[in-house]
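See below for the structure under consideration.
The values are calculated or read from the model by the stated rules, or taken from the named source; none is laboratory data. Quantities reported herein were computed from a predicted structural model and do not represent experimental measurements. Positions of Cβ are backbone-derived with ideal geometry, glycine not excepted, and every protein chain shown enters the neighbour counts.
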Amino acid sequence: MKYISPIILAILVSGCFQPVVDKSAEKETSTMAGAWHVDFLDEFDTYNPENWQDQMIWVNNEDQCYVPDNQHNTREVSNGTIKLRVIDLGEKQPCDNMSKFGKKHPDTQYVAGRIASKNRKEFVGGKWTARLKVENSGQAGMFPAWWLLGALNNEAPVQEADETVCWPMTGSGEIDIFEHHSDGGPNHYAARAIKSLGHCDGGDWQALMLVQESNLSEFHDYSVELVGNDIIFRLDEVEVYRISNEEEQFPEALFAILNFAKINDSSMTQNWTMEVDWVKHESWQ
């Protein structure tokens, strides 16, 4: 999940930029032999540590501190959904989140929830979908996201010997399925693949990006498919963006991340919540 320049995002949302989609490559997966089969589904009846782990990390110069174990009600599971929140504690407190460069997060009054399926549920290719909503979108600093990262990523937590690959090199690639950046106003999200420039921290997040309108206060299904050489993004099963001949950048297993960040130091008028009904992965068979 990468920071988007407010100026660039405002231009995108205003309609001055439209992503280039290779129409000649369009084809529905229904015409291919086979069908999607669910191999992972979490309907959030409980918080299942076999599927998810809390992830405490400092990236993008974010203002909040990620905390584990639903501290301060930052990742509540109730009534069949998980709620990931940014909470204003009212006064600053120490934060133990570290950047990948070893810098400690400064004291902050904001805490938040972030969960990852790293070393729990990881898949090569296929289709990832989450049904989610974000109420009161567009407030300054909002940065909720539903995204994928390569399983060999070398950022915390490093738990396996092969987790040595720096972002966004192959093995540590990134696909953002849903990312709402408030600076562009309410009721929109970005979907993208990060194009690797071939070196550590060298990622082009604008070249393969769509900004799409959606009523974020209502539940919608946000998905991505890695099919053949295409990356296909869907909103409620309707294709909204296709990137052709880029799937080969993501041969690695990918894990899923759900988080709600605070991207700047704007004050909050209320706590923020991203509510997720379910997450699933499907394979084409």
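Just a few scattered comments:
- Residues within the range 177-235 that are more than 29 Å from Glu155 (Cα to Cα) and assigned to a loop (DSSP other than H, G, I, E, B), tallied: 9
- The residue that is nearest to Asp45 (Cα to Cα), among those in the range 89-105 that are under 22 Å from the mean Cα position of the chain (by Cα) and crowded, with 18+ Cβ neighbours inside 10 Å, is Asn97.
- Residues located in the range 186-205, provided they are in contact with a helix residue (DSSP H, G or I) (Cβ under 7 Å, 6 or more places away or on another chain) and at pLDDT below 95: Ser196
- Residue in the range 32-41 that is modelled with pLDDT under 85, part of a helix (DSSP H, G or I) and farther than 23 Å from Gly173 by Cα present: no
- Breaking point among (1) buried (at least 16 other Cβ atoms within 10 Å of the Cβ); (2) out of contact with any helix residue (DSSP H, G or I) (no Cβ under 7 Å at 6 or more places or on another chain); (3) of a type outside the set (Val, Ile, Thr); (4) under 21 Å from Ser182 (Cα atoms), for Asn60: (1)
- Answer from Ala156, Ala140, Ala161 - the residue that is hydrophobic (A, V, I, L, M, F, W, C), assigned to a loop (DSSP other than H, G, I, E, B) and closer than 17 Å to Ser182 by Cα: Ala140
- Qualifying residue in the range 245-254 (condition: buried (at least 17 other Cβ atoms within 10 Å of the Cβ), modelled with pLDDT of 95 or more and closer than 29 Å to Ala140 by Cα): no
- In the range 64-103, residue nearest to Cys166 (Cα to Cα) [restricted to those that are hydrophobic (A, V, I, L, M, F, W, C) and assigned to a loop (DSSP other than H, G, I, E, B)]: Phe101
- Check on Val224, of a type in the set (A, V, I, L, M) and free of Cβ contacts under 8 Å to residues at least 12 places away in the same chain: no
- Residue tally, condition in a loop (DSSP other than H, G, I, E, B), surrounded by 21 or more Cβ atoms within 10 Å (Cβ to Cβ) and either free of Cβ contacts under 8 Å to residues at least 60 places away in the same chain or of a type outside the set (Lys, Arg) (or both), over the range 106-132: 2
- Filter result for Ala256 (in contact (Cβ under 8 Å) with a residue 12 or more places away in the chain, of a type in the set (Gly, Ala, Ser) and assigned to a strand (DSSP E or B)): yes
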